[in-house]
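A short worksheet on the structure shown next.
Any read-out appearing in this document is the output of simple, stated calculations on the displayed coordinates, not a laboratory observation. Predicted model only: the values in this text are computed from it and were never measured. Backbone-built Cβ (ideal geometry, glycine too); neighbour counts: all protein chains shown.
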Amino acid sequence: MDRASAYEAEGRRFESFLVRCDDVCVSFLFVGGSLGESQRGFVTSAQASLDVFGMRLALSEAAQAGMLGEVPVGAVVMLGNVVLGAGGNRRETLLDPTAHAEILALRNAAKTVRGWRICDATLYVTQEPCAMCAGAAVNARIRRLVYGCPNPKAGAVQTLFQIPKDERLNHRVEVVSGLLAEECGVMLSAFFRSLRASAGA
Ligand SMILES: [Zn+2]
């Protein structure tokens, strides 16, 4: 049994986090190195649709955070088409400076796989992670990080620091930026606009 199948069996216990994508994607995504050239193209497009799927889940986590009055950022950890963990920003709710969406999603994923190494997984997050969360992705041995909009004031993936690519660290994370960036950014700017409106009222 490969790691994905093992995680999937565990993941089923976390029903609120488990959402399945199209089964056609799965059977191709986990075939791995035996794929021919023509099938590799399919894997690429399957990966792209899984990425959109993961980011849409992260966006729904962000929306839920926003409804609680939190800055709307959401994150999801997936292994292939299996959701291992999800989380939305809860800094205000939990009175916790570390309760960023990514940290909560990684903690949930670690519980699902019963270990702190979440190898081969992808972390989806609606906004470019800060230094703490980019560091957490490295520490969790996340393979890919996919984020939506940039974070001009705290981004530690490309904007202010490039933690996932820093060769001095013992693990590197592949980065895909700008996925559904507009939707992710609009959610944040709408939140801050309404905050300013209510402060001015
Ligand atoms: Zn963070």
query = Do we have LYS165 as free of Cβ contacts under 8 Å to residues at least 40 places away in the same chain, of a type in the set (Lys, Arg) and within 16 Å of the ligand (Cβ to nearest atom) here?
reply = no
request  = Please determine, by comparing only the residues of the stretch 64-79 that are touching a residue at least 40 places away in the same chain (Cβ under 8 Å) and either part of a strand (DSSP E or B) or surrounded by 24 or more Cβ atoms within 10 Å (Cβ to Cβ) (or both), which one is farthest from the ligand (Cβ to nearest atom).
outcome  = LEU79
query = Quick check, is ALA121 in contact (Cβ under 8 Å) with a residue 12 or more places away in the chain, under 18 Å from ASP51 (Cβ atoms) and small (Gly, Ala, Ser)?
reply = yes
message = Which count do you get for residues in the stretch 101-143 that are within 16 Å of THR159 (Cβ to Cβ) and either within 11 Å of the ligand (Cβ to nearest atom) or part of a loop (DSSP other than H, G, I, E, B) (or both)?
response = 12
message = Just to verify a result, which residue in the stretch 85-100, among those that are assigned to a helix (DSSP H, G or I) and over 20 Å from ASN151 (Cβ atoms), is nearest to the ligand (Cβ to nearest atom)?
response = LEU94
ask   = If you go through the stretch 175-191 one residue at a time, do you hit one that is part of a helix (DSSP H, G or I) and of a type in the set (D, E, K, R)?
value = yes
message = Residues that are at negative phi and within 13 Å of the chain's Cα centre (by Cα): does the stretch 151-169 have at least one?
response = no
task = Find all pairs meeting these conditions: Cβ atoms under 6 angstrom apart; at least six residues apart or on different chains; first residue within the stretch 128-141 and under 20 Å from LEU179 (Cβ atoms) and touching a residue at least 40 places away in the same chain (Cβ under 8 Å); second residue near the ligand (Cβ under 9 Å from one of its atoms) and of a type in the set (S, T, N, Q).
result = GLU128/ASN151
query = Do we find that ASN170 is buried (at least 19 other Cβ atoms within 10 Å of the Cβ) and of a type in the set (S, T, N, Q) in this structure?
reply = no
